[in-house]
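> Let me give you the structure first, and then I'll get to my questions.
Each reported figure results from applying straightforward, stated rules to the coordinates on display, with no laboratory input. Bear in mind that the values here come from a model prediction, so they are computed numbers and not experimental data. Virtual Cβ from ideal backbone geometry, glycine too; neighbours counted across all protein chains shown.
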Amino acid sequence: MKEVAIIGIGIIKFGELWDKSLRDIAVESALNCLEDSGTDRIDSINIGCMSSGLFIGQEHLASIIADYLGRLNIPSTRVESACASGGLAVRSAFLEVAAGMSDYALAIGVEKMTDVSMGEATYALATAADQDYEAFHGITFPGLYAMLARTHMERWGTTREQLAEVAIKNHRNGSMNQYAQFPFTITLDAVLKSTMIADPLRLLDCSPVTDGAAALLLTTVENAKKLKKHPVVVISGIGSAVDSIALSQRKDLLELKAVKTAAGMALQMSGRTINDIDFAEVHDCFTIAEILVLESMGILEPGKGGPATLEGYTALDGKFPVNPSGGLKSKGHPVGATGVAQIFEIVNQLRGNSGKRQIPGARIGLAQNMGGSGGSCICHIIEAK
Amino acid sequence: MNIPRHWRETPERYRLEAAKCRKCGKIAFPARLICPDCGHKEFEKINLSGKGKLLTYTIIRTAPEGFEDIAPYAVGIVEMEEGVSVMGQVTDCDPEELKTGDTLVTKFRRMSEEGKTGLIMYSYKFVPDIGV
Amino acid sequence: MVGIIGYGTQIPRYRIKVEEIAKVWGADAETLKRGLNLNEKSVPAPDEDCATLSVGAARNALVRAGIDPALIGAVYVGSESHPYAVKPTGTIVSEALGICPHVHTADLEFACKAGTEGMFIALYLVKSGVMTCALAIGADTSQGAPGDALEYSASAGAAAFIMGRENIIAELLDTHCYMTDTPDFWRRENAHYPEHSGRFTGEPAYKKHVFGAVNAILDKTGMKPEDFDYLIFHQPNGKFPVQAARQLGFTEAQYHYGLLTPVLGNTYSASSPLGFAATLDEADPDQLILLVSYGSGAGSDAFVFRTTERLLKNRDLAPKVRKQLDEHRKYLEYGVYAKFRGKILKPE
């Protein structure tokens, strides 16, 4: 298996992009990525998108995106694992290069979510849950995470303030991110007084509905070294695992097994331990999700996620910065794009290009992208060579 | 078109039909072809009693399409007395007064409908176990 | 010997008071309450309908009967508010109870008499030996037009009875039915609310048929009003059944347990069946009960039952009517009631 490097990264500003279509944003992010890489070669396209069928009535993205990118006659593949589709596309591109099938593999994550009403968007997102035994009963994604939040609060004494701090911290980071949908800070008072969505989660505990796309160009480390445009950044480990889709089927609601397994797998592949990691981009689709993920990956002990967040452990200047990009909460959560956008941030950090958000001396980052209520998870370990 | 899809689930939704592994006794709801605990492939059909304890719950205030008119409503995960957990709405209650650990029982209720002239979908829902 | 081997009921938890409805229409609540002998009525939750109430009542009846559902050879659901105009309620109920597929089901409709129609058919089918057991249910989530007199009384509930030849708790002694074509109340196809003929619903309709059925069955059985321990008449309001009982020579003690309308409203097809169930909740063994329904259109079914020792053993196995009526109640304001009952117009 060949060693794989990330030589190009591209993104667009996330938000409600009324004047742009799915093909527009996918192509725009890919062009930004190619420009960043300094090369124009693509041997395969790997697209992560959760639900273009429900959001814009368009499937068959492999063809339409390749077409509008002007790259016909090469392998183009769309992969889907709900909100982890982006991470899965990166894994797919990695496999292309590692296996020697492609010298240059493009990963694109994209989601166009604002062409439908909020009700239709909620429905589309709920398809990541068990349709017959969860969604049928009128549960929503905020509802599923709200049940996890209640369990965490009751078992560990996690407080509303601690949950809110996840959002406050991520907005503080995101306020410095030019690509973020909501690049502003928020206060504790604003979180605690925001509209209740699904008790105990409020509006400002939830990531937004977002249009967005991001792209990465992968090649062999050997090729990367020749380019000399950027410091060489490699994918040293990948882990991918699944858990029961329905919460009711899990033995312990608070252990996200797919996250634990995927993180462990990625660390093992990279030959690292969790203590070697300098920072992480994690899937904070809801405030409680960031806490659960950090505990499930072993970055914090079970039950310590809330207090540690409040004490600044995960802040930009904390012991273990989490979501320097602003996370899904502030940067936005175009579901299929999220996993790719997380790695965009990590590569920028490793290159030392993150400006006011730069984590000093960042060498190894972890990207954790998950689908549904933890039904699937993809982790990447990204290192500066 | 949800008609065959709903109809297919009738045994589970109408009378809580579950599958009990003939080897290890694990109960699967809904039924599975392979036991998640021991991998065995033979099951016996049983009906859950409908009684259980509330493990966790939420109150849905921003409801998905088709559920707007009943919001706010509670949805919870209930550990049934047979040991298997089931997600469902908790109806006939004041959601604010629910507590984790409450004993609930199932009732047969309307879940949703395909518009005013379409199919009515019935299912189990939970209610507080107060003997009425 | 044939009779009831199990009974069960279901009443929604929601209520609305006469005052709350009267306030909206500028009516005088005190006059209405006095005139109708009615204080409040039950209101179905948005997720309840005739089928769900039927299943709830029938499950309680099955618990009391203690039989394998597969022994039930017929399921009859009487209602004027079947969830579908075309598609049986009986199959929904039978499927939920685990009685399908070897069963005969029928949905019955005869205004407020549909419940006892099912009981009549079920009793005689079992008596004939065609089947071991049969289930009859009266269930309604009836609607009165906004502002109409019926809005104060039209309510929701269900009562289910399992008939059998063994382990009887109330033995059937006799029946008599009394029918004429009398247009006192109807609902046309596609009409949302029923229409009625005002005071014509009294003398030539309710009274004529109830009196006709009672007099005929007294004649047939050679019994007198004072021979009965208990009496249940159909209760469109709290006034009609009381007036009729007194005129026929019955006393308050006889209809006391069965008169539910003052606090329940008119549950239509479930009205006299629920009163009968409430009476079974309290009766002693070897007592005589006269049950007389009334359905507009019009007709009455009269039944004479005698309770057995077994009643005492099995009636505590499921919730009694009074418990369902008195506990866990929640009063609604008119706005929420209107939303629950689909009386608020929303864009499609």
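> Quick one: what are the phi-derived ³J(HN,Hα) couplings along the range C:137-149, Karplus 6.51/-1.76/1.60 with θ = phi - 60°, whole Hz, x for glycine and proline?
For the range C:137-149, the Karplus curve yields 10, x, 8, 8, 10, 6, 10, x, 4, x, x, 6, 4 Hz.
> Which far-off residues, 5 or more places away or on another chain, put their amide H under 5 Å from the one on B:Met111, with H placed in the peptide plane?
Here B:Met121, B:Tyr122, B:Ser123 satisfy the definition.
> Turning to a different aspect of this structure: Counting partner chain Cβ atoms within 10 Å of every residue's Cβ in B:11-23, what's the average?
2
> A further question on this structure: About its Cα centre, what dipole magnitude does the range C:81-212 give when the only charges are +1 on Lys and Arg Cβ and -1 on Asp and Glu Cβ, stated in debye to the nearest 20?
Result for the range C:81-212 is approximately 120 debye, rounded to the nearest 20.
> Per-residue ellipticity at 222 nm for the protein assembly as shown, helices alone: DSSP H runs ≥ 4 residues times -39500 (n - 2.57), over residue total, nearest 500 deg cm²/dmol?
Dividing the helical sum by the residues of the protein assembly as shown leaves -9000 deg cm²/dmol.
> Which residue, chosen from C:Ala338, C:Ala61, C:Ala156, occupies the Cα position most advanced towards the positive end of the dipole of chain C, where the dipole is computed from +1 (Lys, Arg) and -1 (Asp, Glu) charges on Cβ about the Cα centre?
Going by the charge dipole, the pick is C:Ala338.
> When Lys and Arg each count +1 and Asp and Glu each count -1, what net charge do the other residues less than 11 Å away from B:Cys35, Cβ to Cβ, add up to?
Charge balance near B:Cys35 sits at +4.
> Right, next: Among B:Glu113, C:Glu109, C:Glu309, C:Glu48, which comes first, then next, by fewest other beta-carbon atoms within 10 Å?
C:Glu309, B:Glu113, C:Glu109, C:Glu48
> Per-residue HN-Hα couplings for the range B:35-49, Karplus 6.51 cos²θ - 1.76 cosθ + 1.60 at θ = phi - 60°, whole Hz, x for Gly and Pro?
In residue order, the calculated couplings are 5, x, 8, 10, x, 5, 10, 10, 10, 10, 6, 9, 9, 5, 5 Hz.
> Looking at the range C:5-86, which chymotrypsin sites (Phe, Trp or Tyr not before Pro) are DSSP coil and have at most 11 other C-beta atoms within 10 Å of their C-beta?
Passing both the DSSP loop test and the Cβ count: no residue.
> Please list, ordered by chain and number, the residues whose modelled amide H lies under 5 Å from the amide H of B:His40; skip anything fewer than 5 residues away on the same chain.
Placed amide hydrogens put B:Cys35 under 5 Å from B:His40.
> For peptide B:49-62, what's the mean number of Cβ atoms from other chains within 10 Å of each residue's Cβ?
The per-residue average across the peptide is 6.
> Counting other Cβ atoms within 10 Å, keep those with at most 11, restrict to DSSP loop, and tell me which trypsin sites (Lys or Arg not before Pro) in the range B:81-122 are left.
B:Lys99, B:Lys116
> With charges only on Cβ, +1 for K and R and -1 for D and E, what is the dipole size of chain A about its Cα centre, in debye, rounded to 20?
900
> Looking at the square roots a ≥ b ≥ c of the eigenvalues of the Cα gyration tensor of the protein assembly as shown, which shape do they give, rounded for a/c under 1.5, prolate if a/b is larger than b/c, or oblate?
Verdict is prolate for the protein assembly as shown.
> Next up: Could you list which residues have their amide H under 5 Å from that of C:Asn266, counting only those 5 or more apart in sequence or on another chain, with H placed in the peptide plane?
Amide H neighbours of C:Asn266, under 5 Å, 5+ apart: C:Ala154, C:Ser155.
> Suppose every Lys and Arg Cβ carries +1 and every Asp and Glu Cβ carries -1, with no other charges. What dipole size does the protein assembly as shown come out with about its Cα centre, to the nearest 20 debye?
Dipole of the protein assembly as shown, to the nearest 20 debye: 1060 debye.
> Considering only Cα-Cα distances, which of the following residue pairs are longer than 32 Å: B:Lys23/B:Lys125; A:Lys169/A:Lys228; B:Lys20/C:Lys320; A:Lys229/A:Lys260; A:Lys2/A:Lys169; B:Lys125/C:Lys323?
Flagged as over cut-off: A:Lys169/A:Lys228; B:Lys20/C:Lys320; A:Lys229/A:Lys260; A:Lys2/A:Lys169.
> So for A:Asp243, C:Asp47, fewest C-beta neighbours within 10 Å to most, what's the order?
C:Asp47, A:Asp243
> Please list, in order along the range A:331-342, the HN-Hα scalar couplings obtained from phi with the Karplus expression 6.51 cos²θ - 1.76 cosθ + 1.60 (θ = phi - 60°), rounded to whole Hz, x for Gly and Pro.
Running phi through 6.51 cos²θ - 1.76 cosθ + 1.60 with θ = phi - 60° gives 6, x, 9, x, 2, x, 8, 4, x, 6, 5, 4 Hz.
> Can you order the peptides C:33-40, C:249-256 by their average number of other Cβ atoms within 10 Å per residue, highest first?
C:33-40, C:249-256
> Give me a single rounded figure for B:25-34: the average over its residues of other chain Cβ atoms within 10 Å of their Cβ.
Going residue by residue through B:25-34 and averaging, the value is 1.
> With a ≥ b ≥ c taken as the square roots of the eigenvalues of the C-alpha gyration tensor of chain B, please select rounded if a/c is under 1.5 and otherwise prolate if a/b is larger than b/c or oblate if it is not?
Oblate, since a/c reaches 1.5 and b/c is not below a/b.
> Scan the range B:1-59 for GluC sites (Glu not before Pro) in coil per DSSP, keeping those whose Cβ has at most 13 other Cβ atoms within 10 Å, and list them by number.
Passing sites in the range B:1-59 are B:Glu42.
> Which one, A:Ala82, A:Ala308, B:Ser49, projects farthest toward the positive side of the charge dipole computed for the protein assembly as shown from Cβ point charges (K/R +1, D/E -1)?
Value computed over the given set: A:Ala308.
> With Cβ to Cβ distances under 11 Å as the rule, what net charge do the other residues near B:Trp7 carry (K, R +1; D, E -1)?
Neighbourhood net charge equals +1.
> Let me ask another. Once R0 is set to 35 Å, what does the formula 1/(1 + (r/R0)^6) return for the Cβ-Cβ distance between A:Ile74 and B:Asn47, expressed as a FRET efficiency to the nearest 0.05?
My answer for the efficiency is 0.05.
> Going down the list A:Lys112/C:Lys346; C:Lys127/C:Lys207; C:Lys41/C:Lys343, which pairs span over 23 Å between their C-alpha atoms?
A:Lys112/C:Lys346; C:Lys127/C:Lys207
> Fewest Cβ neighbours within 10 Å first, please rank A:Arg202, C:Arg187 accordingly.
C:Arg187, A:Arg202
> Additional query: Which of A:Lys251/C:Lys313; C:Lys87/C:Lys239; A:Lys331/A:Lys385 have a Cα-Cα distance over 31 Å?
Exceeds cut-off: A:Lys251/C:Lys313; C:Lys87/C:Lys239.
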